[in-house]
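Please treat every number below as a calculation from the coordinates, not as lab data. Keep in mind that this is a model prediction, so the values were computed, not measured. Every residue, glycine among them, receives a Cβ derived from its backbone with ideal geometry; neighbour counts consider all protein chains shown.
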Amino acid sequence: SDYTFDCRCGALGNGHEVAGGQMTIRCDLCENWSHIACQRGGRASNLHPKAAFYCDGCSTQESKAPPTRNSRKATTKKKTTPLHTHLIAGKGALARLGKYWYPVRLIQSYDTVSLPTSARNRVRWQVVWWRGCRFPLTLGSPPGDVEQGDLVDELWQDQAKRREIRLGEWIHSWDTPREEDLIQNFMSAEVSKELDDILLPHIASLQKLLDSPDLNQYGAEAYPVIDYILRLKKKPDGVGAYSIPFCGDISSHEYAKIAHWFSENVPGASGQVEKWLGGMPLVHAFTLVVAHRKASDFEKRIEARNEEWNDSMLLKMAWADLMISYPTNSFVADVDLECLTALEARMFEDSEEAGPAGNQQWGLDAGQHHRQWNVYLGIPDEWVSVRDYSESELQVRKTLPAPFNRYLTYHVIDSAAPYSVITLMLHLWSPQTSYPKL
């Protein structure tokens, strides 16, 4: 039978259709189902069968939230359990692709039945690669699942293992646009085929709203936003546009996608953004999208009231839905960015708790990161705190080819030159250097 699915990632509807084959969990209060891998910090993973679970919309208990910097004291002890036990659905990890490692969100694990039980990589994980990964072109598309042996977590306090990991290049969480940036940079949003299906039949009416300022020539029944403007006797702004503050439960991501579609498809829209972004024409596009997505629900409400069902009524109900002030937690969460932020906070924190492993240890004994990427550029100040450092923490410990060792001996170790290990590595592996590249 059907079951209600309402996940913070935006998947909404009949669980058989929208769960996507992922493991799910039901909230003990609202009884809606959601993806286990979409819950913050992997908090829904490995729960005891009798343990209660409350979704984000129902839970107000701070204990359900993942550890923060202020609550990390209980987790600062160095891990001694096997690495694979730290891999949890819903948490971030690093996955090996070729000779570099990239961030992923762990979805769920499964056994490879074709391999013997004793096989090291019998277990595989379904993953979502971070959308900001910059893979080498020679590697092609990354796989949807990886062997457990090709995964590590943030390696908290594990200095030795971090020094063996060469990182592939990606866009850091702190360099990724947040909600407030998405709408202003709407052209970077990806437009879906669904928007084509919904809005292409209405291009002519959307263009009329953009080009014709005389509202009285339109039928209010076909354009609920115009009925709203006329009833409130709203005045246009300096560019002749009507600012409309409603978007219902359309998230910033969806807002940006619809704006991108509008700019590319409505004739003349790209040259006069100030007339429709946040204004009447775009809000009518919102109305059309909501009417399409919620038509079934609206129709049931009309039938329950024994009222006549028609397109005009559908648009009115969509407009009413847009005017609802939805709570913040009803908006779609960027679960991938959320996951990456938590992962990077642990990867790059430099503090007493992190110990020597927090002092720029990634790849020190393995070689340069992809395209000589400086992985530490722009780290948030709050991730770095004062502690006692040792010069030995940044020394390369792995035996390098003879030319490297001679260079280290004559130019660094025997001199007082204040080389940072990053500067040294970039010099050694620069195209102008005759020494072998790693």
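Stretching residue 272 away from residue 292 to a fully extended chain increases their span by 4.5 nm, per 0.36 nm per residue minus the current alpha-carbon distance.
Need one word for the stretch 134-213: rounded, prolate or oblate. Basis is the Cα gyration tensor (sqrt eigenvalues a ≥ b ≥ c); a/c below 1.5 gives rounded, then a/b vs b/c decides.
On the way: a/c = 4.02, a/b = 2.50, b/c = 1.61.
Prolate shape, in that a/c is at least 1.5 and a/b is the bigger ratio.
Relative contact order (percent) for the stretch 232-326, with alpha-carbon contacts under 8 angstrom and 6 or more residues of separation? In percent, rounded to a whole number, it is 35.
Net charge near residue 289: determine it from the other residues with C-beta under 13 Å of the C-beta of residue 289, scoring Lys and Arg +1 and Asp and Glu -1. Don't skip to the answer; put the middle values down first.
Working: positive: 257, 293, 294; negative: 194, 196, 197, 249, 254, 321.
Net of charged neighbours comes to -3.
For the pair residue 305 and residue 376 in one chain, pulling the backbone fully straight at 0.36 nm per residue adds 19.5 nm over the alpha carbon distance. Our analysis of the stretch 282-323 gives Rg over Rh at 0.96, with the two radii drawn from alpha carbon positions and Rh computed by the Kirkwood formula. Could you compute the FRET efficiency for residue 216 and residue 351, with r as their C-beta to C-beta distance and R0 at 51 Å, rounded to 0.05? For residue 216 and residue 351, the calculated efficiency is 0.20. Along Cα→Cβ, 7 Å out, is where each label goes; now give me the distance between the ones at residue 395 and residue 18 in nm to one decimal. Calculated label separation equals 5.8 nm. Subtracting the Cα-Cα distance of residue 235 and residue 202 from their residue separation scaled by 0.36 nm leaves 9.3 nm. Could you compute the net charge surrounding residue 333? Neighbours are other residues with a C-beta less than 11 Å from the C-beta of residue 333; K and R count +1, D and E count -1. Value of the local net charge: -3. Treating r as the C-beta distance of residue 160 and residue 28 and R0 as 45 Å, the FRET efficiency rounds to 0.60.
Descending by average beta-carbon neighbour count within 10 Å, the peptides 10-22, 97-109 line up as 97-109, 10-22, the highest first. Distances between every pair of Cα atoms in the stretch 278-379, grouped in 5 Å steps from 0 to the bin holding the largest one, split as 2, 9, 12, 13, 10, 7, 5, 6, 7, 8, 9, 6, 4, 2, 0 percent.
Reported value for the stretch 221-352: 185 Å³ per residue, from the convex hull of its C-alpha atoms.
Per-residue packing, averaged as other Cβ atoms within 10 Å, sorts the ranges 284-290, 84-90 into the order 284-290, 84-90, beginning with the highest. In this simple spin-label model, placing a label point 7 Å from the Cα along the Cα-to-Cβ direction at both residue 46 and residue 388 gives a separation of 3.4 nm. How would you classify the stretch 335-387 from its alpha-carbon gyration tensor, with a ≥ b ≥ c the square roots of the eigenvalues: rounded for a/c under 1.5, else prolate if a/b is greater than b/c, otherwise oblate? Since a/c reaches 1.5 but b/c is at least a/b, the shape of the stretch 335-387 is classed as oblate.
Taking the convex hull of the Cα atoms, report for the stretch 166-268 its projected area averaged over all directions, in nm².
The orientation-averaged projected area of the Cα hull of the stretch 166-268 comes to 9.2 nm².
For residue 384, the residues 5 or more places off, or on other chains, whose built amide H falls under 5 Å of its own are 350.
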